[in-house]
1. Round to the nearest 0.05 the FRET efficiency obtained for LEU136 and ARG95 when R0 = 30 Å and r is the Cβ-Cβ distance.
2. Take the residue pairs LYS106/LYS346; LYS59/LYS184; LYS229/LYS333 and return only those whose Cα atoms are more than 18 Å apart.
3. Based on the inverse mean of 1/r over its pairs of different Cα atoms, what is the Kirkwood hydrodynamic radius of the range 139-200, in Å?
4. 7 Å from Cα along Cα→Cβ at both GLU375 and MET360: what's the point-to-point distance in nm?
5. Determine Rg/Rh for the range 267-385; Rg is computed over alpha-carbon atoms and Rh is the Kirkwood hydrodynamic estimate from the same atoms.
6. Label LEU382 and VAL295 with points 7 Å out from Cα along Cα→Cβ: what is the distance between them in nm?
Amino acid sequence: MPILSYLLHGRASGSGNEPSPTVQEELAAQWYNPTDIASILLIIGGDVVQKAFAQGTGKPYVPVVVNLDTGYARESKSFVVDRLLRDLEAREARRLASEDRDYSLKITVFEATGTRNGPTRFSWTYLHLVGALITLAQLGIAAIPLALKGDWSVFLITAVETAFVQWCGCLPEWTSEKLPSRQKSDALYALSSGNCAREIMIIIGCGKCLDLESLAAPHPSRASRPWEKFSWLSRSRPDDPEEIDLEGKPRKPDLKKRRPGLQPQREAIVWNVWPFGGVPLGFALTRMTHAVLSVLWLSLLVNVAALREFRDSWCFLAVGGLRMFQNAWLAAKELGPAMRNLPLKKKGQFVAPKVMDGLMDFHTIYSRGLPLLEEFFPGPLLEAEAK
């Protein structure tokens, strides 16, 4: 309640001889040049910014901005898998005919077709274009007081915030979390929200699928594995001293015995400089960046607090409003699987009035229904069902 706090503060600080302003006068002053705008700009908090940031990272430019005091938030471990399932379910629900929507189980089968991107690269999409246009609009609005009155405070804050966000967004940490080390899996994945789910998304790897199991439970950033796919953050792994032949000579690793889809054996470059010694270089970059940005954000907040009243608050509110719209839109946006480096081709769909019927139909065609049977029917089956 910024207006109520402003009124109470104004009545308490007034002297006994000065007439107290009327409610109409205080409301008119607030709407003419709003105060306490920080509370207004924090309507959308860090949880929305986290989701928007997780959606947009992966390229040198990040189509997201961060309001003052919201800070940064890390991506959840299963964010990519959760959003992949959510977006596939939403897309298939819209495509289903109205007469087929009364079902107990729907199984949709996809086949991975492979991506042209490398193990550490995403494609440029319309999200980046929209983000760039909104960012330019924000800077343009913030420059209005500078052009008309020479007041550079709003433009400085907007430009500095934008620079801080882009600095943090271009870290390789986010790509390491959103893309697994195994890029060409031939496994079969079943995505669902649990035992009572009405939707099951089957993805057949065909040697062209991201390892969704690794995305659901990834290796920690302190380990070497997430950084092995970056050529500039890893190096060729030396031969294992135990891999020697009978004559004592080093034996070349048998690549045929390795799991399909794995990258050539590499290990992360370790940073041995205090105070981040003993951790992979990529993770050290993340820690150093956050340490520096924490100090810079604090310095910016101190400077903003010094400006108790912006002479052009409406410009600052307009910039903040665009930020809130951009973050909310990006956080809720449905993305196609190709935008997550996982292009899929639909192979078939089973819509059944009963769960058991759907599992039987799927197993009849693909012979892979037993794991789903154990998930949805963990107990003993009826005699007819078993037959």
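1. On the way: r = 36 Å, r/R0 = 1.19.
Here the calculated transfer efficiency is 0.25.
2. Numbers: LYS106/LYS346 14 Å; LYS59/LYS184 21 Å; LYS229/LYS333 28 Å.
Listed pairs above 18 Å: LYS59/LYS184; LYS229/LYS333.
3. Values: mean 1/r = 0.0610 Å⁻¹.
Averaging 1/r across every pair of different Cα atoms and inverting gives 16.4 Å.
4. The modelled label-to-label distance comes out at 2.1 nm.
5. Working: Rg = 27.4 Å, Rh = 21.7 Å.
Computed over Cα atoms, the ratio is 1.27.
6. Distance between the two pseudo-spin positions: 7.1 nm.
Every number here is computed from the coordinates shown, using simple stated rules; none is lab data. If you're wondering where the values come from, they're calculated on a predicted model, not measured in any experiment. A quick note on method: Cβ atoms are made from the backbone with ideal geometry, for glycine too, and the neighbour counts reach across all protein chains shown.
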